[in-house]
Structure formats: structure tokens, C-alpha cells
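These notes concern the structure reproduced below.
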Amino acid sequence: MEQIMEIIILALTCAVAGVFINESKLPVLGVMVVLAGGAIIFLKVLPQLAEVIRIFTQLADYAALNQSYLFTVFKVLGIAYVSEFAAQICRDAGQGALGTKIEMAAKISVMVLAVPIMMSVLESIIQILN
Amino acid sequence: MIDGEIIFFLTGLAIAVTILHTFLKQAGRDEYAYLTLIVGLTIALLKVIPVVQQLFTQVQSVFKLY
């Protein structure tokens, strides 16, 4: 419980510091403070997420699920998160167009990752029909 | 609060650079004033980039993105 409070305090300090720095002669530092704050907040949460992912892989082993599908899901999750992080930072810095371009690239890479799974699903369906 | 340390470091850096910049501009040395901006920027980059790099390496290892 106290970790979420720590994160909230850190986020508020970042917001206040960012606004303050935008008034100074180096507004670019404001974007950097927000970037560093966002990175630190996620670094704090990452260990728990790693734990959840480890449990999912164990469950997949019990269910004898194919490992590659699970890893593709994790990859998609990772790509989605990193591109969301970067797109938001770009929008904060005033570069809306850059943000949308990052998201478009992320969507394309996710689609590329999803193609093998679709192929295997189609193959299994065709086998059932024959 | 180790993590808040970088936030306060950047804020202090911004204050110092602003004061130095205004002071040098008053003293008529505009090129040095601009130079302090660049020095401040590089110091900030030197502190922020390792944090972001650590984030991306950890995300890569957690989500098996390599």
C-alpha cells in the first residue's frame, strides 16, 4: 500500500518541478524531469509485474500451453507499454505528430507479431474441417 | 527517497543555470551565458539517460523483448 503512496508523491513532485522548470531559462529540463519521473515510477512497479509474468509462465507450463504464444503476448505487452510511454512523453513535449507516429509503428510491429498466431489458428481450423 | 534525488537535482540545476545565465547577460557576456545553458543541458542529460537506459533494459528483460 505504501508503495503507491510513494509513487503518488514522486509524481506530484515531478509535476510541480516540471512546471517550475518551464519558467526557468532551460524549459527542456522540464521535459527531462517528467521523463525521469515516469521512468522511475515504472522501475518501481516492474518487479511486481515480473512476478506476475513468472506466475503466468508457470501456469502455461502446467496447462502444457505452447510457450511461443505466451511469449508473443508478453512481447506485445512490452511493445505497447514502451511505445505508450514514449508517445506520451513526445506529446508532453509538444510533439503530437511524433507521438502518433510512434503509436503507428507500434501497431505495425504488433501486427507483425500477431501474424504467426493467426496462421496457426487458421491451420488448426482447416484441419478440423477436413 | 533515492528516486526523488534526480528530480531535485534537475530542479537545482535549472535554478543555477537560470541565475548564472541572467548574471552573465547583465555582465554583457552573452556568449558565456549561452554556454552555461549548454553545459546545464549536458549535465542534465548525463543524469537522465542512465535512468531511461535502465528502464529500457529492465523492460526488455521482463517482457522478453530481445
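The values are calculated or read from the model by the stated rules, or taken from the named source; none is laboratory data. These numbers come from a predicted model, not from an experiment. Note that we place each Cβ from the backbone using ideal geometry, even for glycine, and neighbour counts take in every protein chain shown.
Okay, here's what the table says:
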| item | result |
| --- | --- |
| Cβ pairs under 7 Å, 6+ apart, first in the range A:10-21 and more than 7 Å from every other protein chain (Cβ to nearest Cβ) and in contact (Cβ under 8 Å) with a residue 24 or more places away in the chain, second β-branched (Val, Ile, Thr) and assigned to a helix (DSSP H, G or I) | A:Ala11/A:Ile41 |
| Count of the range A:28-51 residues which are within 9 Å of chain B (Cβ to nearest Cβ) and under 30 Å from B:Lys25 (Cβ atoms) | 7 |
| Residues satisfying the stated conditions in the range B:1-21, i.e. within 7 Å of chain A (Cβ to nearest Cβ), under 14 Å from A:Ile40 (Cα atoms) and either of a type in the set (Val, Ile, Thr) or exposed (fewer than 15 other Cβ atoms within 10 Å of the Cβ) (or both) | B:Ile6, B:Ile7 |
| Residue that is among the aromatic types (Phe, Trp, Tyr) and surrounded by 13 or more Cβ atoms within 10 Å (Cβ to Cβ), where the choices are B:Tyr66, B:Tyr32 | B:Tyr32 |
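The rows are residues; the columns are (1) exposed (fewer than 14 other Cβ atoms within 10 Å of the Cβ); (2) outside the structural domain of A:Val115 (by TED's automatic domain parsing); (3) outside any loop (DSSP other than H, G, I, E, B).
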{"position": "A:Gly37", "(1), (2), (3)": "no, yes, yes"}
{"position": "A:Ile40", "(1), (2), (3)": "no, yes, yes"}
{"position": "A:Val52", "(1), (2), (3)": "yes, yes, yes"}
{"position": "A:Ile55", "(1), (2), (3)": "yes, yes, yes"}
{"position": "A:Asp61", "(1), (2), (3)": "yes, yes, yes"}
{"position": "A:Val73", "(1), (2), (3)": "no, no, yes"}
{"position": "A:Gly78", "(1), (2), (3)": "no, no, yes"}
{"position": "A:Val82", "(1), (2), (3)": "no, no, yes"}
{"position": "A:Phe85", "(1), (2), (3)": "no, no, yes"}
